[in-house]
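FYI, it's all coordinate maths here, none of it is from the lab. Fair warning: this is a prediction, and the values are worked out from it, not measured in the lab. Cβ placement follows ideal geometry from the backbone for every residue including glycine, while neighbour counts extend to all protein chains displayed.
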Amino acid sequence: MARRGSPAPPPPPDFEENIIDVDVSEEMRGSFLEYAYSVIYSRALPDARDGLKPVQRRILYSMNEMGLRPDRGHVKCARVVGEVMGKLHPHGDSAIYDAMVRMAQPWAMRMPLVDGHGNFGSLGGDDLPAAMRYTEARLSNEAMLMVDAIDEETVDFRPNYDGQEREPEVLPAAFPNLLVNGASGIAVGMATNMAPHNLGEVVAAARHLLEHPDATLEELMQFVPGPDLPTGGIIVGLEGIRDAYAKGRGTFRMRATARIENVTPRRKGIVVTELPYGVGPERVIAKIKDLVQAKKLTGISDLKDLTDRTTGLRLVIEVKNGFNPEAVLAELYRLTPMEETFGINNVALVDGQPRTLGLRELLQVYVDHRLEVVRRRSEFRRRKRQERLHLVEGLLVALLNIDEVIAIIRDSDDSAQAKRRLMETFELSEIQAQYILDTPLRRLTRFDRLELEKESEQLGKEIARLTAILESDRKLRKLVAKELGEVAKKFSTPRRTVLLESSGQTAAAVPLEVPDEPCLVLLSSTGLLARTAGPGPLPAESGSGPHDVLAAVVRATTRGEVGLVTSAGRMIKVEVLDLPALPPGDGPPSLAGGAPISEYTTLADGERVVGLGSLTGHGPGLALGTEQGVVKRVVPDYPANREEFEVISLKDGDRVVGAVELASDEHDLVFITSDAQLLRYAAANVRPQGRAAAGMAGIKLSEGARVIWFGTVDPDRESRVVTIAGSSAALPGTQNGAVKVSDYAVFPRKGRATGGVRSHRFLKGEDVLLRAWAGPAPLRAVSEAGKTVELPAELGRRDGSGDKLPTAIAAIGGAIGSLLPPLPEEPPEPSAE
């Protein structure tokens, strides 16, 4: 060995010099392309079929091979990482553990695939997970769907990095994992960023595509309207989502879910319960503190993080007195991570090549993969049953000729001769003959023969069923759709993210001091509350999203209160300032940006809000009608120091079906009953009573009948009556009914407490009114899904029958804004004298 600094020893005599000239640019180009392909194919991008990157697939496969199923105990994550790294994944342990941690985080994945035990980090990544030697894990129930039937030759296997083990090229994936859990990764020259979705919605779209292979994107978006993020929140503006579903690229804005409530008896605050996807509370708190210290954000007196395992995320931001909480919230959305942008970039591997895919392409790739998996599984199962049937048939031959079989075996010199003689005597295959020789004598009883005959019959039926599936594309698609439906039924959860069609501009200036100006408070048929920015006009719907109809409108002031009238006869006060303000517009009114009633009060089981009442004391007051035909006008003298109070004393079993704020004593009060009777009379015929009174007889009901609608109609306006008849024997929601639209003027006025006149003639199979409504035109009807349902344009006779509906109507409305009482006159200013 040469010493340091000494000349190198001469080469051996047989050494031949071999120098190859290589172009550096060509070598770098080739090496870089090889490296780039390795990163794209083997690390960063998911496969469009199972939605997994190689490291994720190897983790799930290894855990399944280790037996780490949901019914087993947790094991150390270090053990799993070592198994994956030693057999399948030739990279560092940190990459494997990081991927494993992400699959266990419920705030990162819509359906976590790893059931973690220990500290697996925090929302937003502010708190790092514990080391792998401390945490434990096993497969989740959802992960078992990914590896289901992997041992039935459903997918291809390939050698691992050193050729000593085998690994699956793709997992069977019994649910669309790529769409449900999303993905993110940075490769060389490209990246992917896919949003999570709701399992039930994605499965419904996949089943529709199975049944209708030529389905359009618009049809699929009826099932998948937008992402469903694990952390909930609000998605504002759907144009970017439509672009992403069509072209594979698009952006949308995520907004935190926040509400304004009384955090102390005298101070309001902003309570944040959900943050945008990937944003943690520590990041939001730090940003708010920096803005307050820099005096770029005013109006905040305190900030508390009350997040715990019981209540979940809860950030309480106290607002200083004199500041408008809505203005502060708008500034928080504008200046802090409470509103973030998510850029969709649907890049995934298809046949080993990166492609940018839209919603339809993603679903098509998964559906094709699932069809192939179920086809291969059916072929495997059929082959196994055919092999078993072959053995059973040979054993039955031996049982039928048991004496001769025993004689042949006894007279044979060895097992080979016995096998050969059995094959020649009974025309058996070698496998059958060997199976007979291997069967112990205790299996050759009469009882076993009956069992074998039963098994043979059952195997024949299963083989025929599997053959029918393999020979019929329709049956194969039907089976795949059925299995997807079962997965959705078992594992789907309600949508967490709210989708808003509006652009949600938060940069618009909101005054810190809200003026006490007139406005309208609105209630929709689906239980949404909102207010207008002024005394009118009503807000209009926009876009192609679900529609709604107005159920009640009352006048109020921005700093005032309104009352929610419930079916239990209660009136609950609500601060008008707490309601979301909607901008006015042209067209049919809508409360798409309203807030649900549950955000302002808690109702008892079976109790619902049936109307709104003004607390100003102006006008003729509130009118109520009950299911048992009682009518009442309430003296507008409500207690100022109580948040809720009774407005009618109800009899046992009775409930309020309608509550309206009267605009005039000359307006009609209208009852419509289940047996199609309509009664109208002037509101002046009902004497106002105090809050504790029980009302008076409003309509005389027939035996078994009940009031299904109560309201008010201006007799001087063009108004309509809508009735929908059906069968009382049918289950609710199973019939569309027959609808009739009549002119309100053809119904005569009758006296109070009379029976009214017939409003609908029942045909065969009809004996009850399913729904009814009376009010000013133009009319509006919507289905349960929020789609507009066309009503008959031609008016029917007063006691005529209806026309069959193609779709069930969930709500009916009209121009009820015209029934509002006039604005109160302002008192004259005092003279200088």
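Here L178 does not qualify as in contact (Cβ under 8 Å) with a residue 40 or more places away in the chain, within 20 Å of M100 (Cβ to Cβ), in contact with a Phe, Trp or Tyr (Cβ under 6 Å, 6 or more places away or on another chain) and assigned to a helix (DSSP H, G or I). Of everything in region 132-167 that is on the phi > 0 side of the Ramachandran plot and touching a helix residue (DSSP H, G or I) at 6+ places or on another chain (Cβ under 9 Å), the residue that is surrounded by the most Cβ atoms within 10 Å (Cβ to Cβ) is A149. When the criteria are applied in full, G269 meets the requirement of being over 14 Å from F342 (Cβ atoms), among the small types (G, A, S) and in a strand (DSSP E or B).
Screening V170 against (1) of a type outside the set (D, E); (2) surrounded by fewer than 24 Cβ atoms within 10 Å (Cβ to Cβ); (3) at positive phi leaves a single unmet condition, (3). Looking across A246, A215, A258, one residue alone is assigned to a helix (DSSP H, G or I) and in contact (Cβ under 8 Å) with a residue 40 or more places away in the chain. It is A246.
So how many residues does region 780-812 have that are under 23 Å from R717 (Cα atoms) and buried (at least 18 other Cβ atoms within 10 Å of the Cβ)? Result for region 780-812: 7.
Where helices (runs of 4 or more DSSP H) fall entirely within region 43-160, those with at least 1 residues that are more than 19 Å from P176 (Cβ to Cβ) and among the charged types (D, E, K, R) are at 54-65, 77-87, 93-102.
Scanning region 393-429 for residues that are free of Cβ contacts under 8 Å to residues at least 12 places away in the same chain, of a type outside the set (S, T, Y) and not in a helix (DSSP H, G or I) yields a count of 3.
Take the conditions (1) in contact with a strand residue (DSSP E or B) (Cβ under 8 Å, 6 or more places away or on another chain); (2) surrounded by 18 or more Cβ atoms within 10 Å (Cβ to Cβ); (3) of a type outside the set (K, R); L603 misses just one of them, which is (2).
Please go through region 747-793 and pick out each residue that is β-branched (V, I, T) and over 34 Å from the mean Cα position of the chain (by Cα).
Result: T754, V757, V768.
The residues on offer are E361, E331, and the sole one that is crowded, with 16+ Cβ neighbours inside 10 Å, more than 30 Å from K289 (Cα to Cα) and among the acidic types (D, E) is E361.
Here is the figure for region 702-729: residues that are of a type in the set (K, R) and buried (at least 17 other Cβ atoms within 10 Å of the Cβ) total 2. Restricted to region 116-131, and to residues there that are surrounded by 16 or more Cβ atoms within 10 Å (Cβ to Cβ) and hydrophobic (A, V, I, L, M, F, W, C), the residue that is nearest to D98 (Cα to Cα) is F120.
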